[in-house]
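What follows is a single structure, written as structure tokens, with notes after it.
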Amino acid sequence: MRSIAFERRTNTPKWLRIAVPMFGIAIALVLGAMLLAWTGHATTGTYRQILHRGFTDPGTFATTLVAATPLLFTGLTAAIAYRMGVFNIGGEGQLFIGAMFASFVGLGLGSAPTVVVVASMILAGAVGGSLWASIAAVLRDRFRCNEIITTLMLNYLAGILIQYLIFSSHSYWRELTGTGALFPQGRMLSERAQWPNPHIGGTPVPFGFIVGISFAVLIFVLLRSTRFGYRVRVIADAPAAAKYAGINARRTTFAVLALSGAMAGIGGASDVGDFRHTLDPKGLQQAGYGYTGIVVAALGRLNPIAVVFVAILMGGLNTAGLALQGPDFPAGLVGTLQGLLLFCTLGGEGLARYRIVIRRRAGSASRSAAPRSSSPRSAASPTEAPGLATGEVGG
Amino acid sequence: MNPESIDVLTAGTNLVPAVEMFGITKRFGDVVANDGVNFHACVGEVHALLGENGAGKSTLTNMLTGIYQPDAGEIRLYEKPLRLTSPRAAIAAGVGMVHQHFKLVPTFTVAENVVLGLSAEHRGVKFRRAAIERRVAELSERYQLAVDPAKKIWQLSVGERQRVELLKVLIREARILVLDEPTAVLTPQEADSLFVTLRSMADDGRTVIFISHKLYEVTAVSDRVTVLRDGRNIATVDTADCDQRSLAALMVGRDVQFDRRVGTHVRGDSEPVLIAANVDADGDDDRGALHAISLSLRAGEILGIAGVAGNGQRELGEVLGGIRRIRSGNIDVCGKQQTCGDPVAFAKSRVAYVPEDRLGTGLAPSLSIADNVALRSFRAAPFARPPFIRRRWLRSHTQELMSRYDVKAPGPETPIRKLSGGNIQKVLLAREFESDPLVLVVASPTRGLDVGAIENVRSLLVTAAERGTGIVLISEDLDEVRAMCDRIAVMYEGRIVGIVDGESADVNTLGLMMAGAT
């Protein structure tokens, strides 16, 4: 008889931090292969296809970057806030409002030089996102409202708001001429307001992606090396120590939420400027960028630089998933494979902090009644008391 | 394991073994917390487990109470080998634990707390209030654990709460009671009554094991003492055969300076560096915690603040340290009026503050030593070149502090929580001393530290006083304030009930003052 228990590690060795996610990916691939085999699909063939269609085929990397860009921004949104233990799950809504602000400015400045329009759209997106996040910040500060609830509610509100602008009103954002008179849709940005796609090494890179990388680096430095980042670290770890050091936690919390929201807002601006060139409520709401961003941040361990790479990985998986799915390869299977990957890598986190201990329960082999117990609790109920005693009586 | 060893231990006595632990070894990673420890306690005895922090006392008792499982060795209870795989298994086997930090639900009554989590065999009484209250009353009378079963926990004093913890293990029919530093929160009088209770439980055929590093209580109450050092059992001795000095030597492994009166540091002509006049302040619950506090502190003086926990000392420390606002009154540092509740301003006036809560208030536990060294001065040069923190400078500065204050750690980037208690306190003191303070407010600076670290901290405080720093020493340890302080102010219910001379103060007078008698 053996029992399995989890024991907290006293410290986690460095190699384990790398090995555990690698192991998680390996497990996910094995489980995925079993699933593929069970549903009658080629296993290695499917994996090869994911690799090709997501990353290595000519032209696909550009598509992957397009998919990665909004995730990069919402990933940063979550990473910044979670670093301080502020659970902003409102990346979704902040992105909507950022898109709304940015398209307003883009539509209004349509004839100005591209540099001016793009810069103004980025700024507008940032302002929109951080204003939306600030609502939650004020509620948290004044009324101690839990930001998890408020930011979530604000997501729905933002969704309804942009829907209203396009579908239920004759707003500035809505196209009222041509086909727009028949089917509600947003006004298109002028040619000049559309963001450029500079080619880097032959691959067209969305401008928003470059902006996102710049912000990732900036935030990395901000959190690591500045007084602001220091305040964030202290508040996150020990609020009482922050008070003792005279750190104004309210102001810092506010700043962090605003910065976090600004990232999502710029993500929204990029969605309008880089890809859709219009405010598209349906498309934005279906994409669920904000929620995926939380996963991106978690996989990147809240490290802004890591978020860049995880966003590319997720973008590639999404692209490959779209390419794979078809009549004989259901979308649900694609989603399951992705889910397995996330589940296994995040689940592995536990192993980095706990170790599995397998103990031999001496002398209890004959007692079939004693269950193999992974939980110490069940091992202890009085009815099983005989199972507790080990052999070696009288040793 | 050799059964003869028991006979050797109990030869010539009529003692019946209750707890026998043979060759217990427990490792955490590379650290060997217990290394082949043998521990035996008999029916009807009070057995003290003495040792410095990190000696392995808690690890050993945690294996007896089922929290950890030993890597090697055997545990027998009443001569029966057992594996205690969980706390529940330990309770079923008759082992009860009273933790240092009480595990009670404040809004429940005494009786409700006592039955909370009772296991199946006691389920018969589970919901019958009258029966439970009767049983609680019965037990409390038998062991002189005066407490009203119908009262809510939050209405009770600390001493009464401890009695509830004892009742909890008694109602579970524990025959072996383990107490982790039970007197840490008690007045001397409350401690005495606890000792009476422990004795009567032992006389009843129970086995009382109590963990301590306070020598006087070990000599006061125990029959035998087992001394642990560096994870090994050094000796088991009859208490009657030893005194505090010999026990201390066993515990530390060398002779220690003991009960050293530090002497006075005040120069006759020195100016007051800190004056508090008529200070009223609220506690965390917005109820008045301090009332009309007036005191003055001179350069080079050590002023003790004594009292039972929860009588306003913590709040007074916070006010004097600059992190708590006051409602009325005045605080002057070197003649300059202070803005209370503004820690930055206090730090500028060169007031240093070592809070009682080291990990959490004084230090951020997950941050590195270097980050913690910067905690109070990260805003300006030399720590920062705004907006950046000078990380490289900070690292070398920290390295230098660590060698000067003898902080043992792998490096400046080590998270604080990985250090031992003594080293944690050294980091905190090093940081506060480095600000070259005029006034130093320290709360319970030696609580939880081992003898060696206590010596170290005390000598640092004395050095600071000799350099002319005025020190406010808040401590519940009467021996400490008596040994260290020039004057001792005693607090009761938020007031200073008296100030006595450190030289002439005796424990009984102080104890009575702490209990509110004037």
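The values are calculated or read from the model by the stated rules, or taken from the named source; none is laboratory data. This structure is a prediction, so every number in the text was calculated from the model and none was measured. Methodologically, a virtual Cβ is constructed for each residue, glycine included, from the backbone with ideal geometry; neighbour enumeration extends over all protein chains shown.
I need every pair where a residue in the stretch B:148-177 that is of a type in the set (G, A, S) has its Cβ under 6 Å from the Cβ of a residue that is in a helix (DSSP H, G or I), sequence separation at least 6 or different chains.
Pairs found: B:G159/B:E190.
So for the stretch B:485-492 (the condition being surrounded by fewer than 24 Cβ atoms within 10 Å (Cβ to Cβ) and either touching a His at 6+ places or on another chain (Cβ under 9 Å) or among the hydroxyl-bearing types (S, T, Y) (or both)), does at least one residue qualify?
The answer is yes; a qualifying residue exists.
How many residues are more than 23 Å from B:L215 (Cα to Cα) and either in contact with a Cys (Cβ under 9 Å, 6 or more places away or on another chain) or among the acidic types (D, E) (or both) if we restrict to the stretch B:39-78?
Adding up the residues that qualify gives 2.
The conditions are (1) modelled with pLDDT of 85 or more; (2) within 11 Å of another protein chain (Cβ to nearest Cβ); (3) part of a loop (DSSP other than H, G, I, E, B), and B:N2 fails exactly one of them. Which is it?
(1)
For B:V462, only one of the following conditions fails: (1) surrounded by fewer than 21 Cβ atoms within 10 Å (Cβ to Cβ); (2) within 27 Å of A:I235 (Cα to Cα); (3) of a type outside the set (D, E, K, R). What is its number?
(2)
Do the conditions hold for B:N372, that is, is it touching a strand residue (DSSP E or B) at 6+ places or on another chain (Cβ under 8 Å) and either more than 13 Å from every other protein chain (Cβ to nearest Cβ) or assigned to a loop (DSSP other than H, G, I, E, B) (or both)?
Judged against the criteria, B:N372 is not a match.
Which condition breaks for B:A352 when tested against (1) more than 7 Å from chain A (Cβ to nearest Cβ); (2) on the phi > 0 side of the Ramachandran plot?
It fails just one condition, (2).
Restricting to the stretch B:67-92, and then to whatever is without any contact (Cβ under 8 Å) to a residue 40 or more places away in the chain and aliphatic (A, V, I, L, M), can you tell me which residue is nearest to B:G29 (Cα to Cα)?
B:I67
Would you confirm whether any residue within the stretch A:298-311 is over 18 Å from A:E92 (Cα atoms), among the hydrophobic types (A, V, I, L, M, F, W, C), surrounded by fewer than 18 Cβ atoms within 10 Å (Cβ to Cβ) and not assigned by TED's automatic domain parsing to the domain that holds A:T150?
No: the stretch A:298-311 contains no residue that is over 18 Å from A:E92 (Cα atoms), among the hydrophobic types (A, V, I, L, M, F, W, C), surrounded by fewer than 18 Cβ atoms within 10 Å (Cβ to Cβ) and not assigned by TED's automatic domain parsing to the domain that holds A:T150.
Checking the conditions here, which among B:R391, B:R395, B:R379 is over 23 Å from B:I323 (Cβ atoms), facing chain A (nearest Cβ under 9 Å) and of a type in the set (K, R)?
Answer to the selection: B:R391.
In this structure, does B:R163 turn out to be more than 25 Å from B:A249 (Cβ to Cβ), within 20 Å of the chain's Cα centre (by Cα) and charged (D, E, K, R)?
Yes.
Among all residue pairs at least 6 apart or on different chains, which show Cβ distances below 7 Å where the first residue, located in the stretch A:284-306, is over 16 Å from A:F343 (Cβ atoms) and the second is in a helix (DSSP H, G or I) and hydroxyl-bearing (S, T, Y)?
Filtered contacts from the stretch A:284-306: A:Y289/A:T74; A:G290/A:T74; A:G293/A:T74; A:G293/A:T77; A:A297/A:Y82; A:L302/A:Y82.
Taking the condition of being closer than 23 Å to B:F22 by Cβ and under 20 Å from the mean Cα position of the chain (by Cα), how many residues in the stretch B:209-224 meet it?
Result for the stretch B:209-224: 4.
What single numbered condition from (1) closer than 22 Å to A:G110 by Cβ; (2) surrounded by fewer than 19 Cβ atoms within 10 Å (Cβ to Cβ) fails to hold for A:L218?
(1)
Take the stretch B:178-194 and flag every residue that is over 22 Å from B:H40 (Cβ atoms) and either free of Cβ contacts under 8 Å to residues at least 40 places away in the same chain or of a type outside the set (A, V, I, L, M) (or both).
Within the stretch B:178-194, B:T183, B:T187, B:P188, B:Q189, B:E190, B:A191, B:D192, B:S193, B:L194 meet the criteria.
Of the residues that sit in the stretch A:160-191 and are assigned to a helix (DSSP H, G or I) and of a type in the set (V, I, T), which one is modelled with the lowest pLDDT?
Across the stretch A:160-191, the extreme among qualifying residues is A:T179.
When you check B:G317 against the structure, is it at pLDDT 90 or above and within 14 Å of chain A (Cβ to nearest Cβ), yes or no?
Yes: the conditions hold for B:G317.
Scan the stretch A:201-230 residue by residue and report those that are more than 14 Å from chain B (Cβ to nearest Cβ) and farther than 14 Å from A:L72 by Cα.
Answer for the stretch A:201-230, where residues must be more than 14 Å from chain B (Cβ to nearest Cβ) and farther than 14 Å from A:L72 by Cα: A:G201, A:G202, A:T203, A:P204.
A quick yes/no check of all residues on (1) in a helix (DSSP H, G or I); (2) closer than 22 Å to B:E271 by Cα; (3) touching a residue at least 40 places away in the same chain (Cβ under 8 Å):
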position: B:I454; (1), (2), (3): yes, no, no
position: B:R458; (1), (2), (3): yes, no, yes
position: B:T463; (1), (2), (3): yes, yes, no
position: B:G468; (1), (2), (3): no, yes, yes
position: B:I471; (1), (2), (3): no, yes, yes
position: B:E476; (1), (2), (3): no, no, yes
position: B:V481; (1), (2), (3): yes, no, yes
position: B:I488; (1), (2), (3): no, yes, yes
position: B:V497; (1), (2), (3): no, no, no
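Would you check which residues across the stretch B:433-448 are assigned to a helix (DSSP H, G or I) and surrounded by fewer than 21 Cβ atoms within 10 Å (Cβ to Cβ) and list them?
Selection gives B:E434 alone.
Mind checking whether some residue in the stretch B:301-308 is at positive phi, in contact (Cβ under 8 Å) with a residue 60 or more places away in the chain and in contact with an Asp or Glu (Cβ under 9 Å, 6 or more places away or on another chain)?
yes
Please work out if B:K408 is among the charged types (D, E, K, R), crowded, with 18+ Cβ neighbours inside 10 Å and outside any strand (DSSP E or B).
So B:K408 fails the test.
Which residue, of A:A255, A:A238, A:A249, A:A245, is surrounded by fewer than 19 Cβ atoms within 10 Å (Cβ to Cβ), within 13 Å of chain B (Cβ to nearest Cβ), free of Cβ contacts under 8 Å to residues at least 60 places away in the same chain and in contact with a Pro (Cβ under 8 Å, 6 or more places away or on another chain)?
Being surrounded by fewer than 19 Cβ atoms within 10 Å (Cβ to Cβ), within 13 Å of chain B (Cβ to nearest Cβ), free of Cβ contacts under 8 Å to residues at least 60 places away in the same chain and in contact with a Pro (Cβ under 8 Å, 6 or more places away or on another chain) holds for just one of A:A255, A:A238, A:A249, A:A245, which is A:A249.
This table checks each residue for (1) touching a residue at least 60 places away in the same chain (Cβ under 8 Å); (2) in a helix (DSSP H, G or I).
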{"position": "A:F23", "(1), (2)": "yes, yes"}
{"position": "A:A37", "(1), (2)": "no, yes"}
{"position": "A:F87", "(1), (2)": "yes, no"}
{"position": "A:F96", "(1), (2)": "yes, yes"}
{"position": "A:S111", "(1), (2)": "yes, no"}
